[in-house]
Structure formats: structure tokens, C-alpha cells
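The values are calculated or read from the model by the stated rules, or taken from the named source; none is laboratory data. For clarity, every value in this text was computed on a predicted model and none was experimentally measured. Using ideal geometry, Cβ is built from the backbone for each residue, glycine included, and neighbour counts are taken over all protein chains shown.
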Amino acid sequence: MNRALKFAKLDFTTIKPYLSLKNMLIFLFVFAFIGYSSGNPSTMIGMMMMYATLYVSYPFAVGDKNGIDTLYCTLPISKKDVVIGRYIFSLLLNLIVGAIAFIASALLMTTRGGFNGQETFMVVLLCVALFTTVQAIQLPIYFKLGYAKAKLLAYIPFIAFPAIIVMISAYLGEKNMMRYLESIFSQIQANIFITALIAAVIWGLVMGVSGMLSYRFYRKREI
Amino acid sequence: MNNILEIKNLNKSYSGFSLQNVSFSVPKGYIMGFIGPNGAGKTTTIKSILGMITPDSGDISIMGTTVDCYDIKNHIGVVMDLPFYVDDWKVNDVHSALSPFYSRWDSAAFTDYLRKFNLDKNKKVKELSRGMKVKLMLAAALSHEARLLVLDEPTSGLDPVARDELMDILSEFIMDEDRGVLFSTHITSDLEKIADYITFIFDGRIEFSGEKDRLLESYLLVKGDPVALSAEHKKSIIGFRKHATGFDGMITVDHAAHLPTDVSCEKISLDEIIIYMNKEGKLHE
């Protein structure tokens, strides 16, 4: 097995004690209840992806508490393997939670008789892309500062994204904003393939830059 | 190649402390005790060996391979003063976490060590006593056919029985002459029992590196009435200390020959060498 994949497996082992079945079922029940009462699975999917984002920071949090960077230094792996492995872990975690969110939505909406598979899949895909982008901003901060120092900074994207939207909408005015959005959505619908391609390229670039920054920071970090 | 670990001209500067041209080697088949007072540079040296920090200059090689090559860590077993495993892991999780990384991981050996050390597979790391945590790190370090063991203060806080068990394990480990141990500790009585070589670091510089007996034979503990000493004699005494009943200090064997006969000279211990060197350092600060 590739060293980075082995490291991703180590990350899952690291968070394993904190992934109790009881906790996961409680969260799943709460999310399902919210999804069912609103009649819209998007809220539930978004909340589940938010939950995944919290877990992405767990290896840093648990590592900080237990001095696990020392363990990494005793293993026959490079710092590059650590960084790539952590990104693989994050992506896998998001995909697993995304898949669970899709299945939960399907079960929930089928009972209400309003499940649209294609639409739900698109919502899951969009949420995965959005939350992994947020994580791509968080990960280099964690690699540079460690969890204890970075945890406040890492929440900046959650405040910055809505703040930017509010600022743009204030600048354009509500009517203009709606007009722009409608025009963007109609452009997307007319060129769905090109839009998906552009989004994938942007996502890939964000991930690539994030990974390079993380490696640069972690390589210099002394333990 | 007769050395399992070679360090040449290692330098690392921090504000207020620096390692200066640290050079020493650990010969195959032997245990090297690494001693020095707190803040002398032992942990900085060990961190450099493990790649936890980047030295400003110098070379470190293990079995002739530079430590930049992370593959070499297949041959290193590490035991630190504090465990570096997740507190909430069960003992068995340590096996599943580490085994995929080592090309020569021996699961049967790990299970054997757990049995030998009375470690319960289902106990959490945080539920283990300090001695048991050290044994868990040791079990992992010995289960991937490591040829170099790096121990950083593993015995601090251990009771004499647990320390004695550790000494036995190290003696057994070193029976294979292709292996070596770098053992950093404050408890020098352990080293007096099992170390063949000593490297003494003080204020970031290596003061001595060689056979333990040669170090112990190089210095003497000197005591007596200070009235008997001339200014020249006092200058030759390391860590000279005057008290109500006389004086004490450490002196090199060469200088001891010039002391007056009413001053007593005795064999010195490793602990006393560290104490007097430290005192001398403080006198010159």
C-alpha cells in the first residue's frame, strides 16, 4: 500500500475512538428529524457535511493533545506522505459522509413520496465541493500552527463566505443581486457540462494550492 | 562499518541555546549512554536524529545512510519519556496503527512482548501506568526488527523494578552485535550498570564521548580542608565547593597527582561528574 494511503488509514485509526456508534446515531437522528420536518433534504445534507468538516480537524486536535507528530517522525514516512495522507483522509471522509447523506435523504424523502435522485445527488455533490473547499482553506492553517493555535482562525471561512455574500448583495442591491443570480443559474443550466468542468478545474486548483501550502508549512514546522 | 549511528559537526541554534559541533558515534553491539544536565542538548540531538527538527549544519547517518532517507526509520525503534500514542487507543490499536508502515513488522513478536510485559490488549493507553506505557513503546520499538534503539529518558518516573526490567531487555537486545542503543537518561546508575560507552554533553557541546570506564577513570572526587590548597590547586578543581566541614570538587587524574597528600581523592560516579561539570559551568557564567 502506498505510504500516503497508509497514513490516511492511520488518521481513521486516530479518530476511531471518537467515532462512537451511539454519537453517530444521535447526530443522524437529529439531522434526519430536521430534514423530515423541513421536507427538504438540503438542510440535512449541509448539516452532515458540516459534521464531516468538524471531523476533518480531529486528527489535528487529537494529535495536538497526544503529541502524535512525534509518532509520525518515528515512522518510515516523509512529511509529504503525512500531508498527502491527510488530504486523502479528508476527501474520503467527505465522500463517506456525502454517501450517507444521499442514502439518508433517499430513505427520508421516499417515505414522504418526494425523492428526486438526480437533484439530491447534485445537492450532495455541491455540498461536498463547497465544504471540501472550506477545508482546503483550513488545512494549511492547521499544518502551519497546529490545532490549538489554529482552531479560531480555521473558522474564518465559515464567517468570511456569508460575509462576502452579504457585502456583494449590499453593493448590488437585492433586486440586482437576484437578477444576477437568475442570469448565472440560467447560464449554468444552458451550459451544464462546461460549468461542471470549470467548477472541477477550480476545485482541483484550490486543492492543489492548498496541498502545496500545507506541505510547505509542515516541512518547515519543528516538532 | 562499525558504527550504527554517526553524528558529525551537528549545529543547531535557538535564541539562548545552541548545539555546537556535536560529534559522536554509537558502535555496533554496544549501549551508548547519553548524559548531561537539563537543557544541555540531549533532546535537541535526539530530535535531530529523528528528523523532528532541521539542524543548521552537520551530518547524521544511521547504518551509513543519511537520516533524510525516511526508509532508514524501518531500522530505528524509539522510546520517549512520554508516549506518542493516542490516549484513547486500545493497546491493540497501536498494532493496527503502526504495523502497515514497517516493512519487517512482526505481529507475533508484538503479541509476545505484550504477553511478556503483561499488557492487556483491550486496555486503553491512558489507563496504563507510566511503566506500562514505556513497555508499550518498547514492545512497538522491538517488533519491527529495529537495529538502533533511541531512548530519551524512558526510565524517569519508573520504579526500580520496572527500570531493572528495562535494563534486562536492553542487555538482551544488544546480544545481537549488529544492533546499538543510544540511551539518554538522568538516572546514571542505570548506565553504570549496562552502558559500554558514554557521551557527555554540556551546554550544547560534547565534553566527552568514549568508553564509560575511561570517563570514570579520568576524574576523581576530591575532598578535604581547603587550607591545604594553593590558588593553583583550587583552579584545577572542577566545581570547587566550600562548606562548613571542608571542600569538595572534581579533578582530573593528571591534576590529582599534584595535590597535597592530606587531601583525599576517591572514585567518582557519573552523577557526580554531571553535578560538578554543571557547577563549574555556573561558576563561569
Pairs, please: C-beta under 6 Å, at least 6 apart or cross-chain, first residue farther than 18 Å from B:Asn74 by Cβ and in the range B:45-61, second assigned to a loop (DSSP other than H, G, I, E, B)? B:Lys47/B:Ile53; B:Ser48/B:Pro55; B:Ile53/A:Glu222
Residue check, A:Ala104 against (1) away from every other protein chain (no Cβ under 14 Å); (2) modelled with pLDDT under 95; (3) surrounded by fewer than 18 Cβ atoms within 10 Å (Cβ to Cβ), all met but one. Which one? (3)
Answer yes if at least one residue in the range B:129-136 is more than 30 Å from B:Phe24 (Cβ to Cβ) and surrounded by 17 or more Cβ atoms within 10 Å (Cβ to Cβ), and no otherwise. yes
(1) away from chain A (no Cβ under 11 Å); (2) of a type in the set (A, V, I, L, M, F, W, C); (3) under 21 Å from the mean Cα position of the chain (by Cα); (4) closer than 21 Å to B:Phe173 by Cα: which one isn't true of B:Ile60, the others all being true? (4)
Name the residue that is farthest from B:Gly180 (Cα to Cα), counting only residues in the range B:77-105 that are in contact (Cβ under 8 Å) with a residue 60 or more places away in the chain and more than 7 Å from every other protein chain (Cβ to nearest Cβ). B:Asp81
Selection over the range B:31-49 where residues are more than 14 Å from B:Asn21 (Cα to Cα), out of contact with any Asp or Glu (no Cβ under 9 Å at 6 or more places or on another chain) and within 14 Å of another protein chain (Cβ to nearest Cβ) yields a count of 1
Does at least one position in the range A:127-139 carry a residue that is assigned to a helix (DSSP H, G or I), free of Cβ contacts under 8 Å to residues at least 24 places away in the same chain and either under 18 Å from A:Met48 (Cα atoms) or of a type outside the set (Phe, Trp, Tyr) (or both)? no
Just to be sure, is B:Val125 aliphatic (A, V, I, L, M) and more than 12 Å from chain A (Cβ to nearest Cβ)? no
When the range B:96-116 is checked residue by residue, the ones that are outside any helix (DSSP H, G or I) and of a type in the set (Gly, Ala, Ser) are B:Ser103
Hey, could you check the range A:16-28 for residues that are buried (at least 16 other Cβ atoms within 10 Å of the Cβ) and at the interface with chain B (Cβ under 9 Å from one of its Cβ atoms) and say which is nearest to B:Phe101 (Cα to Cα)? A:Lys16
Can you tell me which residue in the range B:128-147 is farthest from B:Glu177 (Cα to Cα), limited to those that are within 14 Å of chain A (Cβ to nearest Cβ) and part of a loop (DSSP other than H, G, I, E, B)? B:Leu128
Name, by its number, the condition in (1) without any contact (Cβ under 8 Å) to a residue 12 or more places away in the chain; (2) over 20 Å from B:Val26 (Cα atoms) that does not hold for B:Phe208. (2)
